[in-house]
Amino acid sequence: MSSPAVAQHLIAGELVGEAAKERRNPARLDQVAVLSPEGGKAEVEAAIVAAAAAQRSWADTPAPARGAILLRAAQLLRERSDEIAEDLVREEGKTLAEATGEVGRAIGVFQFFGSLGWASTGSIYPSSFPGTTVTTRREPLGVVALITPWNFPIAIPAWKAAPALISGNAVVLKPAELTPMSATHLGRALHDAGLPAGVFNVVHGRGRVVGDALARDRRVAGLSFTGSTAVGLQLQQTLNSRGARVQLEMGGKNGVLVLDDADPRKAAQVVAAGAFSLTGQACTATSRVYVTPGIRQAFLEELTTLASGYTPGDGLDAGTKMGPVVSDSQVERHVSAVQDAVDAGSRLLHGEPRADGLYFAPVVATEVAHDAPLATEEIFGPILAVVDVPDYEAGLAAINDSPYGLTAGICTDSLAYSTDFTNRVEAGVVKVNRPTSGLDLHVPFGGIKDSSSNTFREQGHSATDFYTWEKTIYTGTD
Ligand code: UN1
């Protein structure tokens, strides 16, 4: 049995904090995975003061030199990848393969944004005034706060921090309480890469305390959040009330439409991967599938077979394809959502309304009404609602009839249907014959409707827009 990892705050360049809280390994509840400090107002104040003091000289550091530090952090993450991935499994529960992939994504993110140290950050325009040139330049916001969820505990902090840092901002990160160690590893890599003290800070603690204090503080010029819609909308009000910039990526209820002309096995593979990988704990996961009559039986047979391959187990054991659910409260929600669906007349082709500790087998529920809770409410687990639709138009309408709009997918061999679907579906990300979860790191990501503030996109070149503003400079040359 391994001894617990020890998480720390990173404040003003110092790794600090007394281990006050235990986080148990969701796969082995008798093991303490992480000991972490619990920050409060004093830690937030110290982090903001440090960030504000460090920001100007960081912004004045040549961008290629800022980039070099991010590239060095990428290299350190790579050297430490095995340890980071194992700690991630112990605190979050996903499989080692998933965790290793996630660390790889964080490395790629730092490589991508590190290389932007060499990229153009403005434009040159002709002017209508004689002897004058107009240029634009992107300026950092100043101090920015990041609030991140437990489900991608290193990739999401990385894809918010890297564009913030390369743009010359100083950062205070409040990671999810359930996953303090992954953020600690990120802080250590940046610290050890030579990032000046105060430029990147990590404060652990409760959302109501640390998150609120960051949202309310006038020295924080922008806040980027990924998490639940309820919390995100509250943060948005706070930030809007003081005129600060806010970016929210929130819930989803992502649907896939499976059409008669699709290959049933391939469609089942796409849907199963989207629904059950990462234990269904991705805001991009597939949680509802709409099926036309001609493919229904063959598709469901294939899907049920695939679901039975996702037996939950310890993510550190070789061969485990699906890890446990992250916490008691989440697993209780899963069990009651499935029980309610059964009580309302749904049939379970796979899974049951019960869990063994935090192990919860994937659920495939048929005979789910289009407006039933299982087909409309975000549950955030390996639970798939199958809804029958008569044809393409009904399926598209059903997918769009949701307050959420994060990802959506279609399984079809028809170019006409896939083109029409990508044009008309109400979602920020659309996948054709590919699982709804699983993103490239260099292209824009974000939702619409209640899934997102839908102001600025994350990832890729678009990501730096949120962390900067555009200055316009007129220069007379005579
Ligand atoms: C993915 O599907 O690869 O929290 C990433 C989430 C999303 C990221 C999904 N913001 O699940």
Can you compute the FRET efficiency between Glu301 and Thr419 using 1/(1 + (r/R0)^6), with r the Cβ-Cβ distance and R0 = 22 Å? Round to the nearest 0.05. 0.15
The chain - Debye-derived log10 I(q)/I(0), Cα point model, q = 0.08, 0.11 Å⁻¹: -0.49, -0.89
Radius of gyration and Dmax for segment 86-137's Cα atoms, expressed in Å? 21.6, 65
Between Glu470 and Asp401, what is the FRET efficiency for a Förster distance of 35 Å, r being their Cβ-Cβ separation, to the nearest 0.05? 0.40
Mean projection of the alpha-carbon convex hull of segment 124-243 over all orientations, in nm²? 9.8 nm²
At a 1.4 Å probe, what is the % contribution of carbon and sulfur to the accessible area of the chain? 51 percent
Per residue, how many Å² of accessible area does segment 254-432 show with a 1.4 Å probe? 38 Å²
Give me, ordered by chain and number, the residues 5 or more places off Ile448 or on other chains with an amide H under 5 Å from its own placed amide H. Gly405, Leu406, Gly428
Compute and list, largest first, the equivalent-ellipsoid semi-axes of segment 40-165 from the alpha carbon gyration tensor, each √(5λ) rounded to a whole angstrom. 34, 19, 13
Run the numbers on the chain and let me know its relative contact order in percent, using alpha-carbon pairs under 8 Å that are six or more apart. 17 percent
Please work out the FRET efficiency for the pair His370 and Ser329, using the Cβ-Cβ distance as r and a Förster radius of 35 Å; give the result to the nearest 0.05. 0.80
Excluding ligands, DNA and RNA, what is the solvent-accessible area per residue of segment 94-186 at a probe of 1.4 Å, expressed in Å²? 29 Å²
A correct Karplus calculation of ³J(HN,Hα) over segment 226-231, with 6.51 cos²θ - 1.76 cosθ + 1.60, θ = phi - 60°, whole Hz and x for Gly and Pro, returns 10, x, 6, 5, 4, 5
Solution diffusion estimate, µm²/s, Stokes-Einstein, segment 254-432, Kirkwood Rh from C-alpha pairs, 20 °C, viscosity 1.002 mPa s: 134 µm²/s
5 Å is the cut-off here: which amide hydrogens, built 1.01 Å from N in the peptide plane, fall below it relative to Gly13, excluding neighbours closer than 5 in sequence? Gly198
What are the trypsin sites (Lys or Arg not before Pro) within segment 353-450 that DSSP puts in a loop, where the Cβ has at most 16 other Cβ atoms within 10 Å? Arg354
The convex hull of the Cα atoms of segment 228-317, divided by residue count, gives a volume in Å³ per residue of 133 Å³
Segment Asp192-Thr133, length gained on full extension (0.36 nm per residue, minus Cα span): 17.0 nm
Which residues qualify? For Gly381, with a placed amide H closer than 5 Å and at least 5 residues away or on another chain, they are none
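The values are calculated or read from the model by the stated rules, or taken from the named source; none is laboratory data. Here the structure is a predicted model, which means the values were calculated and not measured. When we count neighbours, we look across all protein chains shown, and the Cβ atoms used for this are built from the backbone with ideal geometry, even at glycine. These area figures cover heavy atoms from the full protein model, side chains too; ligands, DNA and RNA do not enter into them. Shrake-Rupley method; radii C 1.70, N 1.55, O 1.52, S 1.80 Å.
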